[in-house]
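Engineer: My structure is below; once you've seen it, I'll send some questions.
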Amino acid sequence: MSQQPTKAVLYLRVSSKRQMDTASDIDADGNSIATQREACNAKATALGATVEHEFMEPGQSAQTIDKRPVFRDLLRYVTDHPDIDCVIIYMRSRAFRNLGDAVLTKRQLEKLGTRLVSAKEDFGQGIMADAMEAVTDIMNEVQVRMSGEDIRVKMQHKAQNGGTLGMARVGYRNVRAEFEGRLVNTIGIDEQRAPLVRQAFELYATSEYSIESLQEVLADLGLTTRATPKRPSQPISISQLHRLLGDPYYNGVVVYKGQTFPGRHQALISQVVFDQVQTVLASRSRRGLRDRKHFHYLKGLLYCDRCKTSGRESRLVYTQAQGRGGRYEYYFCRQRKDGSCDLPHLQVRSLEDAVLRHHRTLAVADGFSDYLADELAAALSHAQELTQELHAKHQRKLAELDRREERFLDLAADSSLPRAKIQQRLRAIGTERSRIAESLSATQAELQVGADLLQTYLDLVSEPMSLYESASDSVRRLLSDAHFVKLYVNEFGVADDVKTDLADEVAEAAIAFERSPSNAKRPGIAAGPLRETTIASLKDLFEVQGSNKAILVELRGFEPLTPSLRTRCATGLRHSP
């Protein structure tokens with residue numbers, strides 16, 4: 001009885017597109033693929049096998065087979081065609097980058113009665129052949145991991161030295177420049193696209209454009225991506241524009257693994273403009289607030305008071321309508337769509353005026369800010385005493401660690417203890433020393449940040465209505481977010497609000513201050529019951545662990561927590577819109 005002809009399939013693969021393009025004028029699939037095909041066909045001939053199908057995975061770099069779609073197709077094909085006797089690969093390293101994948105694939109093929117054959121590695125069959133295959137797979141995995149670690153180290157070093165990782169961003173281009181008598185790869189300015197990138201940041205910083213509307217403007221101005229062998233130049237997409245606006249690379253910074261380094265490339269955007277753009281992006285990325293085509297600075301802050309009275313929560317939706325007289329802007333209740341709310345459409349202008357008037361309610365009594373400033377100064381003075389005591393305690397602890405370290409070093413020299421145990425205890429000492437040093441540097445900083453933050457908020461409520469009225473739209477949004485979480489409105493204006501934690505605490509403290517007996521004789525202020533302390537409602541803001549006295553710590557209730565807000569209040573907040 002004659003033996004049935006052997007049937008085989010081929011798996012050809014290269015790791016990168018560059019390998020595919022090697023000698024593409026000779027072979028359309030690239031020189032490396034052609035070499036593999038020739039060797040695999042020769043192996044099939046030697047086995048007396050007929051090649052039924054060829055699976056080619058070009059430029060697919062992946063360390064596991066589950067990330068290679070063509071290889072998964074091959075396994076499905078073999079499953080559907082049980083008459084396939086063998087799968088021929090060029091080398092095991094072409095198919096597997098780790099031992100686990102190699103073992104699982106081999107077991108799966110064996111269940112189907114299919115052998116895996118390497119064209120360049122003839123291990124034979126049997127126990128020793130299996131062992132040699134396993135050793136080869138292990139060494140391939142080690143090589144892959146070592147190469148990956150080498151690449152990570154080199155990329156880290158490049159980033160630390162300000163080098164650009166990957167291809168140049170839009171607005172830049174990869175160029176060759178002479179350096180110390182030799183040509184090197186570097187990053188240059190794309191004179192055509194760089195001005196448009198700057199304009200994108202400047203326009204978005206005004207808070208008058210959404211991502212979609214800005215993308216349309218930039219498309220009209222001619223901002224496009226660079227052409228590649230696969231893709232022609234085309235207008236920058238919305239997702240690309242969003243990434244561009246949030247990329248600190250344009251501010252002259254290189255980011256790698258969460259760390260930032262000064263870049264060697266020229267910054268296209270100033271720090272001020274970049275920070276303004278990040279503020280706008282952050283304000284529009286909050287839950288329930290989308291950066292759609294239509295954007296208004298009150299969007300996401302307004303809620304329906306009628307729905308609140310009925311026991312439900314409904315946000316107002318901003319819309320624009322085009323009429324005979326031009327464009328009209330409205331807010332309407334989301335519940336109108338199903339008929340459960342009859343709040344009429346509210347004109348944007350009337351709501352803007354209502355919110356402006358509502359900021360008057362944030363004003364605090366005369367003398368409250370001065371009183372609270374005195375309390376802050378007293379709290380910080382006491383905090384300074386506690387900090388000095390804590391520093392002295394930490395210094396004593398550091399000295400004790402130094403003595404312990406010297407004793408262990410002496411033991412190491414005398415070989416009285418096993419070296420491994422000594423090294424373990426020395427590492428523990430080093431960890432403890434680092435923790436104490438970090439605590440020393442952070443203690444006073446936390447206290448001062450909290451004090452500065454509260455003082456900044458008091459500055460904002462000194463004349464809240466006039467400050468809000470004279471601010472630009474983007475700053476108005478910042479001010480509203482600092483004071484309010486929600487504003488409940490109806491056709492008559494703002495009916496109620498939900499304040500931020502800090503705004504609520506300050507408001508309660510201001511009321512207690514007004515009602516205190518010490519203010520009873522002041523004109524316009526009625527005496528009321530004196531609370532335990534005038535600023536009792538701020539107790540949570542004046543608490544530090546381990547102290548029996550109220551001490552100010554960092555405040556997390558103030559949104560947005562931006563380091564530039566106080567500076568902007570002092571230098572640029574009171575300007576015309």
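Engineer: Any residue at all in the stretch 338-354 that is modelled with pLDDT under 90, more than 30 Å from GLU463 (Cβ to Cβ) and in a helix (DSSP H, G or I)?
Structural biologist: yes
Engineer: Looking at the stretch 116-129, is at least one residue in contact with a strand residue (DSSP E or B) (Cβ under 9 Å, 6 or more places away or on another chain) and small (Gly, Ala, Ser)?
Structural biologist: Yes, the stretch 116-129 contains at least one residue that is in contact with a strand residue (DSSP E or B) (Cβ under 9 Å, 6 or more places away or on another chain) and small (Gly, Ala, Ser).
Engineer: In addition: State the number of residues belonging to the stretch 179-208 that are basic (Lys, Arg) and over 16 Å from TYR249 (Cα atoms).
Structural biologist: Counting residues in the stretch 179-208 that are basic (Lys, Arg) and over 16 Å from TYR249 (Cα atoms) gives 1.
Engineer: Here are GLU202, GLU208, GLU191: which of them is part of a helix (DSSP H, G or I) and of a type in the set (Asp, Glu)?
Structural biologist: Of GLU202, GLU208, GLU191, the one residue that is part of a helix (DSSP H, G or I) and of a type in the set (Asp, Glu) is GLU202.
Engineer: Which of the residues spanning the stretch 172-203 are exposed (fewer than 15 other Cβ atoms within 10 Å of the Cβ) and farther than 18 Å from SER233 by Cα?
Structural biologist: The answer is VAL175, ARG176, ALA177, GLU178, PHE179, GLU180, GLY181, ARG182, LEU183, VAL184, ASN185, GLU202.
Engineer: Here's another thing I want to ask about it. Kindly list, by first and then second residue, each pair from a residue in the stretch 242-253 that is touching a residue at least 40 places away in the same chain (Cβ under 8 Å) and within 14 Å of VAL280 (Cα to Cα) to a residue that is of a type in the set (Ser, Thr, Tyr) and crowded, with 18+ Cβ neighbours inside 10 Å, limited to pairs with Cβ atoms under 7 Å and residues at least 6 apart or on different chains.
Structural biologist: From the stretch 242-253, the pairs are LEU245/TYR204.
Engineer: Take ALA159 and decide whether it is closer than 30 Å to ALA267 by Cβ, hydrophobic (A, V, I, L, M, F, W, C) and in contact (Cβ under 8 Å) with a residue 24 or more places away in the chain.
Structural biologist: It is true that ALA159 is closer than 30 Å to ALA267 by Cβ, hydrophobic (A, V, I, L, M, F, W, C) and in contact (Cβ under 8 Å) with a residue 24 or more places away in the chain.
Engineer: Quick check on this structure: which one of LEU109, LEU116 is touching a Ser or Thr at 6+ places or on another chain (Cβ under 9 Å) and under 23 Å from GLN36 (Cβ atoms)?
Structural biologist: LEU116
Engineer: Let me spell it out: the conditions are (1) at pLDDT below 90; (2) under 37 Å from the mean Cα position of the chain (by Cα); (3) outside any helix (DSSP H, G or I), and GLY311 meets all of them except one. Which number is the exception?
Structural biologist: The single condition GLY311 does not satisfy is (1).
Every residue, every condition in (1) in a helix (DSSP H, G or I); (2) modelled with pLDDT of 70 or more; (3) hydroxyl-bearing (Ser, Thr, Tyr), yes or no:
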residue: ALA392; (1), (2), (3): yes, yes, no
residue: LYS397; (1), (2), (3): yes, yes, no
residue: GLU405; (1), (2), (3): yes, yes, no
residue: ALA420; (1), (2), (3): yes, no, no
residue: GLY430; (1), (2), (3): yes, yes, no
residue: SER439; (1), (2), (3): yes, no, yes
residue: GLU446; (1), (2), (3): yes, no, no
residue: ALA451; (1), (2), (3): yes, no, no
residue: TYR457; (1), (2), (3): yes, yes, yes
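Engineer: Any residue at all in the stretch 179-191 that's of a type in the set (Ser, Thr, Tyr), assigned by TED's automatic domain parsing to the domain that holds THR224 and on the phi > 0 side of the Ramachandran plot?
Structural biologist: no
Engineer: Filter the stretch 136-154 down to the residues that are over 18 Å from LEU104 (Cβ atoms) and either among the polar types (S, T, N, Q) or not assigned by TED's automatic domain parsing to the domain that holds LEU116 (or both) and list them by number.
Structural biologist: GLN143, SER147
Engineer: Right, something else. Which residues, counting only those in the stretch 462-486, are part of a loop (DSSP other than H, G, I, E, B) and surrounded by fewer than 19 Cβ atoms within 10 Å (Cβ to Cβ)?
Structural biologist: SER462, GLU463, SER470, SER472 - these are the residues of the stretch 462-486 that are part of a loop (DSSP other than H, G, I, E, B) and surrounded by fewer than 19 Cβ atoms within 10 Å (Cβ to Cβ).
Engineer: Another question, if that's okay. Of VAL489, VAL498, which residue is within 21 Å of TYR303 (Cα to Cα), part of a strand (DSSP E or B) and free of Cβ contacts under 8 Å to residues at least 40 places away in the same chain?
Structural biologist: VAL498
Engineer: Looking only at the stretch 204-251, which residues are within 15 Å of VAL277 (Cα to Cα), surrounded by fewer than 19 Cβ atoms within 10 Å (Cβ to Cβ) and at pLDDT 90 or above?
Structural biologist: Once the filter is applied, which keeps residues that are within 15 Å of VAL277 (Cα to Cα), surrounded by fewer than 19 Cβ atoms within 10 Å (Cβ to Cβ) and at pLDDT 90 or above, the stretch 204-251 yields HIS242, ARG243, GLY246, ASP247, PRO248.
Engineer: Looking at the stretch 269-288, which of the residues that are at pLDDT 85 or above and part of a loop (DSSP other than H, G, I, E, B) is surrounded by the fewest Cβ atoms within 10 Å (Cβ to Cβ)?
Structural biologist: Among those that are at pLDDT 85 or above and part of a loop (DSSP other than H, G, I, E, B), it is SER270.
Engineer: If you go through the stretch 17-27 one residue at a time, do you hit one that is exposed (fewer than 15 other Cβ atoms within 10 Å of the Cβ), farther than 16 Å from GLU133 by Cβ, basic (Lys, Arg) and at pLDDT 85 or above?
Structural biologist: Scanning the stretch 17-27, I find no residue that is exposed (fewer than 15 other Cβ atoms within 10 Å of the Cβ), farther than 16 Å from GLU133 by Cβ, basic (Lys, Arg) and at pLDDT 85 or above, so the answer is no.
The values are calculated or read from the model by the stated rules, or taken from the named source; none is laboratory data. Nothing here was measured: the structure is a model prediction, and the numbers come from that model. Positions of Cβ are generated from backbone atoms using ideal geometry, with glycine treated the same way; all protein chains shown enter the neighbour counts.
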